[in-house]
1. In the chain, once you exclude exposed GluC sites (Glu not before Pro) (DSSP loop, at most 15 other Cβ within 10 angstrom), what's the longest stretch remaining?
2. Of 297, 266, 339, which is farthest along the charge dipole of the stretch 264-387 in the positive direction, counting Lys and Arg as +1 and Asp and Glu as -1 at C-beta?
3. Let me check I've understood the local charge: for residue 419, count other residues with C-beta under 13 angstrom from its C-beta, Lys and Arg +1, Asp and Glu -1. What total comes out?
4. With N residues in the stretch 348-389, what two-decimal value do you get for its Cα radius of gyration over 2.2 N^0.38 Å?
5. Can you give me the Cα centroid spacing of the stretch 208-232 and the stretch 81-115 in angstrom?
6. About the Cα centre of the stretch 6-162, how large is the charge dipole given +1 on each Lys and Arg Cβ and -1 on each Asp and Glu Cβ? Please answer in debye to the nearest 20.
7. What are the radius of gyration and Dmax of the stretch 6-162, computed over its Cα atoms and given in Å?
8. Based on Cβ point charges of +1 for Lys and Arg and -1 for Asp and Glu, what charge dipole magnitude is obtained for the stretch 1-58 about its Cα centre, in debye rounded to the nearest 20?
Amino acid sequence: MNLPDLKEAKVRTKKEIKIIRDDYQVPENMKTMGKDKKYYLKTYGCQMNVHDSENIKAILEDMSFTETMEMEDADIILLNTCAIRENAHNKMFGFLGRVKHLKESRPEVICGICGCMAQEESVVDDIKRKYKWVDIVFGTHNLHKLPLILEESLEKNKQEIEVFSIEGDVYEGIPVKRDSKYKAWVNIMYGCDKFCTYCIVPYTRGKQRSRMPEDIIKEVKELVNNGYKEVTLLGQNVNAYGKDLNIDYTMGELLEATAKTGIDRIRFVTSHPWDFDDKMIDIIAKYDNIMPYIHLPLQSGSDKILKLMGRRYTKEKYIELFNKIKEKVKNCSITTDIIVAFPGETEEDFKDTLDVVNTCKFDSAFTFIYSPRIGTPAAKMKNDLTEQEKNERLYKLNKLVNKYANEANQKYMGKVVQVLLESPSEKPGKLMGYTDTMKLVNVEASEEYLGKIVDVEITDVKTWSLDGKLVD
Ligand code: 5AD
Ligand code: SF4
């Protein structure tokens, strides 16, 4: 048993990260373990978790399990969890209630928890005390060990917890079962060293570890050869890519090398304004296959709050960067993340946030009420706001954000845009996809257009989506 430890998770050692390129293999004796058995995997949280789930699915299928979308039919139920805010916690514990119910009638069902919550000491303590029926818990640093963890749990017939607080090496070649045939997630780095004071990620995902450029480019080239149209380069703070490697190679260079593979569309998330250098902006502007879309989290518009958050930029610097990107990258859409009601946020501070929204007129924004995370510095800061005040701020902010999102979308009316049609839309007879600027479009088109980048004329505009028809 290995349990998570918050103090250890905070530590950043100089230990060199090894890159393991051995061929990943499920142990021979476990390859048929899942014959005639099904797994159900529920994923919460960010794209990083979604991509981890693609690895978990491939590992389980290498063990002969097949996927089911019905939890009630499953022999293994896995929850890939998120720890970013309290409501993510609540969702998981709510879901566990349903699993417990199922296990009462089918005790042989295996229940496992993985992902960011599994890295949290307080959560694992709770699972050990109150959820003894959960069979396995494994963390973000060792999902490749899943077959062995499963075997141990079955052999010993007891709860198996395998969570490492200190990150491991970078494993190449872990199998992946991609959810889409047209767009793919590609990890370029793991972990984060920014330690924004509200954020749990540096503890749950560990120290920043970049993959080597040649491994990333090899993966993108394989995707191109397999007909993929789009890659999204993934990291908690992609702009810091390469800074932990002993080679002189940064995100600008990686973007350029990715562009040269000839893949149709390149996106990347998430950016931190601190590491966004001019070179990156120039490369994004130079290559047509790097999409003019940037997610640039603001978090707050108040210099005082930004400082308390440990964000290392001011309102002025953020706006300066925003303007520079807009100037250099033609037709660029920019979205953001904003937290309201951080400890110490006064009405004046909140107005500063609204002020930046009024200046930048974001294409869209994800907005959140600050949620204290155990073990982060901000969790110890005093917060005097009432629930009502917090909700009122969020409401006001959302109203403003929606106004600008709608205005940004209105500009598309009657225009012809390129859309990668990726799946059937919820609306019958339509397919859905995204513009280069990441606007969701529902298009009247038959399924033969799936996976194609097509010209679409926008015929109707809503706050969160566009409607369009194919241009002949
Ligand atoms: N409370 C509220 N929002 C948070 N985020 C990260 N940590 C917290 C927290 N403790 C938000 C940030 C980040 C996004 C992924 O989630 O805005 O950019
Ligand atoms: Fe969290 Fe992002 Fe800050 Fe890293 S850069 S600590 S992931 S908010």
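1. Working: sites that count: 16, 70, 108, 426.
In the chain, the maximal stretch lacking such sites is 109-425.
2. Toward the positive end, the furthest listed residue is 266.
3. Working: positive: 183, 229, 265, 415, 430, 439, 452, 469; negative: 230, 264, 422, 436, 444, 455, 457, 467.
Result for the local shell: 0.
4. On the way: Rg = 13.3 Å, N = 42, 2.2 N^0.38 = 9.1 Å.
Normalised Rg, Cα atoms only: 1.46.
5. 33
6. On the way: 26 positive and 28 negative charges, 137 e Å.
For the stretch 6-162, the charge dipole is close to 660 debye.
7. Rg, Dmax (Cα atoms, Å): 15.6, 50.
8. On the way: 13 positive and 9 negative charges, 37 e Å.
That gives a dipole near 180 debye.
The values are calculated or read from the model by the stated rules, or taken from the named source; none is laboratory data. Everything quoted here is computed from the prediction, not taken from an experiment. Positions of Cβ are backbone-derived with ideal geometry, glycine not excepted, and every protein chain shown enters the neighbour counts. For the accessible areas, the whole protein counts, side chains as well, though only heavy atoms, and no ligand, DNA or RNA atoms are used. Shrake-Rupley method; radii C 1.70, N 1.55, O 1.52, S 1.80 Å.
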